[in-house]
Ligand SMILES: Cc1cc2nc3c(=O)[nH]c(=O)nc-3n(C[C@H](O)[C@H](O)[C@H](O)COP(=O)(O)O)c2cc1C
């Protein structure tokens, strides 16, 4: 998959943005109200620091590991309150990397960008800087307009909690291994909920059997529809990567070793997205579970998955988290992506494994059903599986990333130029 780089660096955003919550929102709910920051020297965002920040940003999760983001740094793009030139770092969506089948609206693209944005601001906090993050309002074409702009307005030492989260960026990864039956402790669920709320989203951890059944049914339904869609299969195939060759390692997409545990035979209450083109999902409810759920699984899905039961005949019952927002604008989706990433990093700090299960979010009709299932709470933006992986299943392969120079453009007032 070739890299699509931004052709220009934004100079004067056409729309006035609004400020978003910061990672330490407990103490500073709105980044504009922080009062203990001391003014930063002019252009505190240096090219070196920006490279560090964008390197952390690209470690974020993204749908099918598409890494659909572009970053523009202008060392002197804006005037601060004292009319000093200051650097701005602008996040844009890379529309060329949008998945046209799974994600025609670009909602998962924006969620992925939100996760990268959270890593960026967290890294600035790790370096003792106080970022101001402006999220651009809706109505603009997100394929050409920026999603968010970061400036630095002062210095403020990182809190211990922010440090922990920032250090978890490199450790976090999607873990599709089967989870053992240990439940996620209530205090951990509480911390995950607070993490989402501090980024302006909500988090629901359904324990009510009826709601879990509804989630399972919607996930199974989505999975079945997608696996029987040739265009979906072709798109998965296009982003699937054979084992990396040392001479030409892949820098994006899904290596087999990262998704294999999801495709291995097992019986789970919640089906994982299948990444094997042409196959039926191994995680779909088998006859036993379908019967237990009181649903008739789609023809084929039940017999396929039901053939093999996980070791000991135990149905895997992972913890499940629904992350949502009250409204569903592009800004809400960006916020949901930040909240998702904060939840994923918090889970990593807590020693929990996670994997997104977004197949039911892909389809508008199913999203509506989720709204109904969650009592009209708002818009479910992401479903996460959370728990402790079986210790006897080896860790999965890590996914690759593009080089920072492929996604970062640097301008110094004399017009844009690629970094390098
Ligand atoms: C918006 C979004 C949706 C995702 N949906 C799924 C999914 O449905 N199933 C799955 O197994 N992984 C899903 N993922 C995980 C990505 O495949 C994963 O983040 C990517 O391959 C990079 O790997 P990493 O998370 O291990 O760094 C999703 C990630 C994001 C950000």
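The values are calculated or read from the model by the stated rules, or taken from the named source; none is laboratory data. The shown structure was predicted, so the numbers you read here are calculated from the model rather than taken from an experiment. Ideal geometry is used to build each Cβ from the backbone, glycine not excepted, and the neighbour counts take in all protein chains shown.
Some notes on this structure:
- Subset of the stretch 348-371 that is away from the ligand (no atom under 12 Å from the Cβ) and modelled with pLDDT of 95 or more - its residue that is surrounded by the most Cβ atoms within 10 Å (Cβ to Cβ): 352
- Here is the figure for the stretch 204-218: residues that are surrounded by 16 or more Cβ atoms within 10 Å (Cβ to Cβ) and either within 24 Å of the chain's Cα centre (by Cα) or free of Cβ contacts under 8 Å to residues at least 40 places away in the same chain (or both) total 10.
- Residue among 336, 397 that is assigned to a helix (DSSP H, G or I) and closer than 25 Å to residue 258 by Cβ: 336
- Within the stretch 257-267, the set of residues being more than 12 Å from the ligand (Cβ to nearest atom) and either in a helix (DSSP H, G or I) or modelled with pLDDT of 80 or more (or both) comprises just one member, 267.
- Reported count of residues in the stretch 45-61, each being surrounded by fewer than 24 Cβ atoms within 10 Å (Cβ to Cβ), within 14 Å of the ligand (Cβ to nearest atom) and outside any helix (DSSP H, G or I), is 3.
- Residue 163 being closer than 24 Å to residue 124 by Cα and not in a loop (DSSP other than H, G, I, E, B): yes
- Some residue of the stretch 182-200 being at pLDDT below 95 and either assigned to a helix (DSSP H, G or I) or crowded, with 19+ Cβ neighbours inside 10 Å (or both): no
- The set of residues from the stretch 318-345 being surrounded by fewer than 24 Cβ atoms within 10 Å (Cβ to Cβ) and out of contact with any strand residue (DSSP E or B) (no Cβ under 9 Å at 6 or more places or on another chain) comprises just one member, 329.
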